[in-house]
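Notes follow once the structure below has been shown.
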Amino acid sequence: MKFTKMHGTGNDYIYVNGFVETIENPAEFAKKYSDRHKGIGSDGLILILPSETCDFRMRMFNADGSESEMCGNASRCIGKYVYDKGMTDKTEVSLETLAGVKILKLFLNDDNKVVKVTVDMGEPELNGLKIPTIFDMPRVMNKTIDFGSAVKYNITTVSMGNPHAVIFTHGISALNLPQIGPVIENSSIFPHRTNTEFIEVISRDYVKMRVWERGSGETLACGTGACAAVVAGVLNDLNERKTTVELLGGELNIEWCEADNHVYLTGGAEIVYEGEIILIDNA
């Protein structure tokens, strides 16, 4: 079975062309091959599939095998994959996800290869129950939560098709995310668990971020998380609607457009290598 290793701002996944390859148990495949010591090593598995309503369909599995609704970094990589491999000649591509239809705008270099992608991430969801959280509130904003285990933070919650808890704080480089992250991710206030972003505001249009991703742990980048961070920053009057987010894997440019209420995510996408797996079991 052939695969492609790709990353968007360091957020790396195994990409499989579902038009020609079949994985019977993608959850187990993701768990096995995402292992960075005994597998390929990745933040998870991305399947590129046919769609009845869009140009392509994405399924995303985290490193623990759980299926997620949406990934902004993976969406950009899919845009590069399908164009560079001749699966489409469009520079505006529709992508079906569990979080709805996303539109990818592809930017090409002189060699006709995709170097940058803007994803229309749609409107952020702010209603507490719809994110989902246990809070029946129009917005969960700067709310103090004692998570136990000596973890207490003010959170602002946002859904970009998947749940996020955004925390504005200082000294994020020194945070012990492997200790803090699981406590928040698995808190009972998040019925579907949550991704958690720790944000340090540098200026009105530049913030730094570390992220603990639901089902994967700390990653070098999270596109939906960067979008959620900028939305939360605007709600708390900490940053502008157009803000650059610096992650461990690089920078993403985010705009929460006032005209249509959509969030736009722009960043690069890169192919790391191609490979082939000889499957010796049903994984």
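What follows draws every value from the coordinates through simple rules; no lab data is involved. Every value quoted in this text rests on a predicted model; they were computed, and no experiment measured them. A quick note on method: Cβ atoms are made from the backbone with ideal geometry, for glycine too, and the neighbour counts reach across all protein chains shown.
Some values worked out for this structure:
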item: Sequence-separation-based contact order of the chain, relative, with Cα cut under 8 Å and 6+ spacing, percent; result: 21
item: Extension gain (nm, one decimal) between Asp64 and Asn186, 0.36 nm per residue minus Cα-Cα; result: 42.5 nm
item: Amide N proximity, the stretch 1-25 versus Ile280 label position 7 Å along Cα-to-Cβ, cut-off under 19 Å; result: 1-3, 24-25
item: Virtual spin-label span in nm between Phe135 and Asn112, 7 Å along Cα→Cβ; result: 5.2
item: Of Lys2/Lys90; Lys31/Lys143; Lys5/Lys102; Lys31/Lys105, pairs whose Cα-Cα distance is over 29 Å; result: Lys31/Lys143; Lys31/Lys105
item: By average C-beta atoms within 10 angstrom, highest first, the peptides 68-80, 168-180; result: 68-80, 168-180
item: Loop-located GluC sites (Glu not before Pro) in the stretch 223-259 whose Cβ has at most 11 other Cβ within 10 Å (DSSP); result: Glu258
item: Under 20 Å from the Arg36 label point (7 Å along Cα→beta-carbon), backbone N, the stretch 58-97; result: 61-66, 72-74
item: Added length on full extension, which subtracts the Cα-Cα distance from 0.36 nm per residue, His170 to Lys2; result: 56.1 nm
item: Inter-site label distance for Gln179 and Glu240 at 7 Å from Cα along Cβ, in nm; result: 3.8
item: Distance between modelled label sites at Ser203 and Thr88, nm, 7 Å Cα→Cβ extension; result: 3.5
item: Per-residue HN-Hα couplings for the stretch 103-114 [Karplus 6.51, -1.76, 1.60; θ = phi - 60°; Hz; x = Gly/Pro]; result: 9, 10, 9, 9, 10, 10, 9, 5, 8, 6, 10, 6
item: Estimated FRET transfer efficiency when R0 is 30 angstrom, pair Glu24-Val272 (beta carbons, to 0.05); result: 0.75
item: Phi to ³J(HN,Hα) by Karplus 6.51 cos²θ - 1.76 cosθ + 1.60 over the stretch 18-23, Hz, x for Gly, Pro; result: x, 6, 10, 10, 10, 10
item: Rounded Å value of the spacing that divides the Cα centres of the stretch 128-203 and the stretch 243-263; result: 19
